[in-house]
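A quick write-up on the structure given underneath.
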Amino acid sequence: MSIKLNALFSDSYVDVSQYRDQHFKGNRYEQEKLLKQANTLYVGNLSFYTTEEQVYELFSKSGDVKRIIIGLDKVKKTACGFCFVEYYTRTDAENAMRFVNGTRLDDRIIRTDWDAGFKEGRQYGRGKSGGQVRDEYRQDYDPARGGYGKVVSRP
Amino acid sequence: MSRRRHSDGDDGGQSHKRRRTSEPIEIEDRLESLICRVGEKSTSSLESNLEGLAGVLEADLPNYKNKILRILCAVARLLPEKLTVYTTLVGLLNARNYNFGGEFVEAMIRQLKETLKANLYTEALYLVRFLCDLVNCHVIAAPSMVAMFENFVSVTQEEDVPQVRSDWFVYVVLSSLPWVGKELYEKKDVEMDRLLNQIDGYLKRRLKTHVPMLQVWTAEKPHPQEEYLDCLWAQIQKLKKDRWQERHILRPYIAFDSVLCEALQHNLPPFTPPAHMPDCQYPMPRVIFRMFDYTDAPEGPVMPGSHSVERFVIEDNLHNIIKSHWKERKTCAAQLLSYPGKNKIPLNYHIVEVIFGELFQLPCPPHIDVMYTTLLIELCKLQPGSLPQVLAQATEMMYMRLDTMNTTCIDRLLNWFSHHLSNFQFRWSWDDWTDCLALDADKPKPKFVKEVLEKCMRLSYHQRIVDIVPPTFSALIPADPIFFYKYQDEANSALPGYAVAITVGNAIKNRASNEEILTVLKDVPNPNQEDDDDEGEGFNPLKIEVFLQTLLHLAAKSFSHSFSALAKFHEILKVLTDCDEGKLHILRVVYEVWRNHPQMISVLVDKLIRTQIVDCAAVANWLFSPNMAHEFTRFYVWEILHSTIRKMNKHVQKIQKELEEAKDKLERQQHKKQKDSGDEEDMEKNSEDEDGQLEEQIERLQEKVESAQSEQKNLFLVIFQRFIMMLTEHLVRCETGSVDFSTPWYKNCIERLQQIFLMHHVTIQQYMGTLENLLFTAELDHHILAVYQQFCALQL
């Protein structure tokens, strides 16, 4: 009786993406395992002005939030447009992937992805200028993310 | 690929064997895929697809019969929205292979027994409906179906069984009739009439105490919130009057009539409904949610009436689509919008009505609330020219009817609306709602707008809210979420404790140790004591105030700052709040300083509970205290209370799980010992120690579980007692003053009491005895007692 009909009832919003943290301490297999069990989500494309309170309010809709770590510019120590959201249970995190990912926070479509778990140091942007890598190279003007990308502002 | 190339080379005879072993799994997957996908969008017609698939399956029967049987049983159970597609398929297979048809029917009956045993009543319902439609496909003989129905309806004659049991069996029969009523009446009209008479008698005598608790609106106009069996009965009556002419259901088998009527039919074996057992959990009764009728869809196809069977079938199918695809919002939206027969109905209205019906369902929505928000957003994306307008129309209608809407449903509505707006730049025609400004602030409409704006602010910021509403709405704009520090400036220097507050503040900034800070705090006089004969270790409200106000002031910048502060000074806080009064006072201080920032109060209370600085009962007592009476109807208060109850419940579940796991471990260990007996003395001694340790752990966990369960029970008793006190006081006061008791406050309060029962009904079931004997006794005012009785009626 327990046939599941995999052909039909997919749950693709919960799937792990292609991104892998290059600074992860451990092998690919360990990283995959942690991602499949994770209660933590990476949240990207935030405005620099999005507050912890706003993130709390939105992500609480899929369950109790254990903690939020706002991503910071490594040099300026100010918010640089990403954060981590950790839930108490995997189910709550899965519901965030299904129903919060791809919706708007602070008028911006945000993106969530599984994270292997917060470790000290991971709250900092890894771009050369201190922010996120994506803000180093982008060409467009985004007033909520410091204006032009760094490569454009540099002569 | 490479395997095939390789086998063409050296292996010779071996290549055939290798190829064959990899294929069966692939074929099985392919079969599953073919069966699951039949009926989806295709370049060929449904009929030719079914014909083709029947041919393929017939050919595969010799080798894959069991797999095919299992797949077909599964789609019968899990895909009710495609019922008639699959019954046609089975019909075609039966026409080609009579034995297979017989085996399928047997497998279905087996599955039916299993689902009933496993409390899977919804799936069992779909299985019976499938069997019914097989009558239309000439697979099952009508008289044997009628016999099954007779056995189902005879459950209504059983004594001493929960009403929800007989309800379910009646529902199964009635809800199958849109599909098979015509056929059954053609063959066995006398028996069917007798059946319907029996059902009529049952419906007339069954109790409906539970209904008021489940209704979304208390008003009968414009749409009565009917009990689900009553509504279905009216629909079947109408269908019977129309001589069972039903035109909405897609029936592919009609096209195959010439083939199918040649087939031999099978008889259902006699089926006795399994007897009632104490652990049977029948579905809860429902109320049918209606918010639209034919007057609401201005142009285009007309909406079928509320007692038409078309309405039933459409709603049933839409609910089933959501049930199948709720995890994937894009697929779900697409499937809803491609509903077969959509050109004949105002589909957008049906979809919106069904979605809100689920969102407002009491006790709980079938799926997590936030799913409905994102599903509606997806639907708006797919139909940008039409769906947003229907949604706006729905919102407007619900606003107009707030006065009679259940408080729990208002909560869900404002959560949905504020979240929805945040995805659309908060654009709304607020001017349309200026009528609420003329009303008292405690009336439902202005209250709703105020709470919506507060929720919107949590997803944005204060100035944004000021900008999005017309200036006339300023009274409803939420307060600026600032911190109120008692010892802010020199002007407050006369306040007792002011000087210590400054000292403590500096000590914290200079990273003094906990001991140093406690020493500083010793200087705070205790307003509760005349002479300071003890060390000042007892409850000192001023000490708590000075320390906590200062600490939270320094940490006011963000949630993270405040959480760090609570963590860092956890020890001090524990010392200061060692007694119940201390716990209550700490909550009061949190409210005092953050009274303009309810979201911060919520998260701080959550942290205080999780770090065990306050317990759940303290939070309940605080929310019900006279100090908080003016906040009692605010949404955030109930967010906090329900969150507190949930934490308590999860805590109990967690320890129970640990206990179960420890018990399982002991059992496994002892089992293993039995198998490895005859070892050396040493090993036996070690395992005895291990056992001893585990047994000790189990004993400790047992105590922990009992203690947690006791705390949980106490929490509910505190809450119920407080409700009873408040409501009784209000009712008595109104009676002596000859004033109407039914004020907005009363409606809110009594519905919040209902909400406690509904939202936590699983846990509360355990305490029914205590509740009945201790609290909800016959002496209670009948208005309050009615809530308890309605709750009891939900599962009886």
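The table below lists the values:
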item: Efficiency of FRET from Cβ geometry, residue B:675 and residue B:579, R₀ 56 Å, rounded to 0.05; result: 0.55
item: Alpha-carbon centroid distance for the pair the stretch B:398-429 / the stretch B:210-230, whole angstrom; result: 20 Å
item: Packing-based exposure ordering (other Cβ within 10 Å, fewest first) of B:430, A:114; result: B:430, A:114
item: Amide H within-cut-off set for residue A:79, under 5 Å, with H built and near neighbours excluded; result: A:73
item: All-pairs alpha carbon distance profile, the protein assembly as shown, 10 Å steps from 0, percent; result: 2, 9, 16, 20, 20, 16, 10, 5, 2, 0, 0
item: Rule-of-thumb Rg ratio for the stretch B:308-401 [Cα; 2.2 N^0.38 Å; N residues]; result: 1.02
item: Computed over the stretch B:238-305, Kirkwood Rh from alpha-carbon pairs, angstrom; result: 18.3 Å
item: Rounded to 5, percent antiparallel among DSSP beta bridges of the protein assembly as shown; result: 90 percent
item: Dipole of the protein assembly as shown, positive end: most advanced residue of B:57, B:792, A:46 [Cβ charges, Cα centre]; result: B:57
item: Potential lengthening between residue B:509 and residue B:443 on full extension [0.36 nm per residue; Cα-Cα distance subtracted]; result: 19.1 nm
item: Kirkwood Rh, angstrom, chain B [1 / mean 1/r, Cα pairs]; result: 31.4 Å
item: Rounded to whole Å, sorted largest first: equivalent-ellipsoid semi-axes of chain A, Cα gyration tensor; result: 29, 18, 15
item: Difference of contour (0.36 nm per residue) and Cα-Cα distance, residue B:519 to residue B:25; result: 170.4 nm
item: Cα long-axis angle, helix B:782-793 against chain B (0 to 90 degrees, to the nearest 10); result: 40 degrees
item: Sites matching trypsin sites (Lys or Arg not before Pro) across the stretch B:421-469 that sit in DSSP coil, with at most 12 neighbouring C-beta atoms within 10 Å; result: B:427
item: Phi-based couplings in Hz for the stretch B:267-283 (Karplus 6.51, -1.76, 1.60; Gly and Pro marked x); result: 9, 5, x, x, 10, 9, x, x, 5, 6, 10, x, 8, 6, 10, 6, x
item: Ranking of A:90, B:77, B:290 by count of other Cβ atoms within 10 Å, fewest first; result: A:90, B:290, B:77
item: Pairs beyond 18 Å (Cα-Cα), from A:74/B:509; A:76/A:128; A:66/B:654; A:76/A:150; B:221/B:344; B:188/B:240; result: A:74/B:509; B:221/B:344
item: Over 20 Å (Cα to Cα) - which of B:381/B:447; B:665/B:704; B:443/B:647 fall in this group; result: B:381/B:447; B:443/B:647
item: In degrees, nearest ten, helix B:163-205 long axis to first principal axis of chain B (Cα); result: 20 degrees
item: Difference of contour (0.36 nm per residue) and Cα-Cα distance, residue B:696 to residue B:200; result: 172.6 nm
item: Cross-link pairs B:182/B:241; A:36/B:657; B:583/B:607; B:82/B:113; B:450/B:650 - those with Cα-Cα distance over 20 Å; result: A:36/B:657; B:82/B:113; B:450/B:650
item: Which of B:485, B:600, B:457, positive extreme of dipole for the stretch B:454-612 (C-beta unit charges); result: B:457
item: Cα-based helix-to-principal-axis angle, B:369-382 vs chain B, degrees rounded to 10; result: 60 degrees
item: Charge dipole (debye, nearest 20) of the protein assembly as shown; +1 at Cβ of Lys and Arg, -1 at Cβ of Asp and Glu; result: 3660 debye
item: Amide proton proximity set for residue A:105, modelled H, under 5 Å, gap of 5+; result: A:110
item: The stretch B:25-261: C-alpha gyration tensor shape, a/c 1.5 cut-off, then a/b vs b/c; result: prolate
item: The stretch B:739-796: GluC sites (Glu not before Pro) in DSSP loop, at most 10 other beta carbons within 10 Å; result: B:779
item: Residues whose placed amide H lies under 5 Å from that of residue A:67, excluding near-sequence neighbours; result: A:86
item: Karplus-derived HN-Hα couplings along the stretch B:81-93 (A = 6.51, B = -1.76, C = 1.60, θ = phi - 60°), whole Hz, x at Gly and Pro; result: 6, 10, 3, 5, 5, 6, 5, 4, 4, 5, x, 5, 5
item: Efficiency of FRET from Cβ geometry, residue B:467 and residue B:739, R₀ 45 Å, rounded to 0.05; result: 0.60
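Computed from the coordinates by the stated procedures, all read-outs in this text should not be read as laboratory data. Since the structure is predicted, the reported quantities are computational estimates derived from the model, not experimental observations. Note that we place each Cβ from the backbone using ideal geometry, even for glycine, and neighbour counts take in every protein chain shown.
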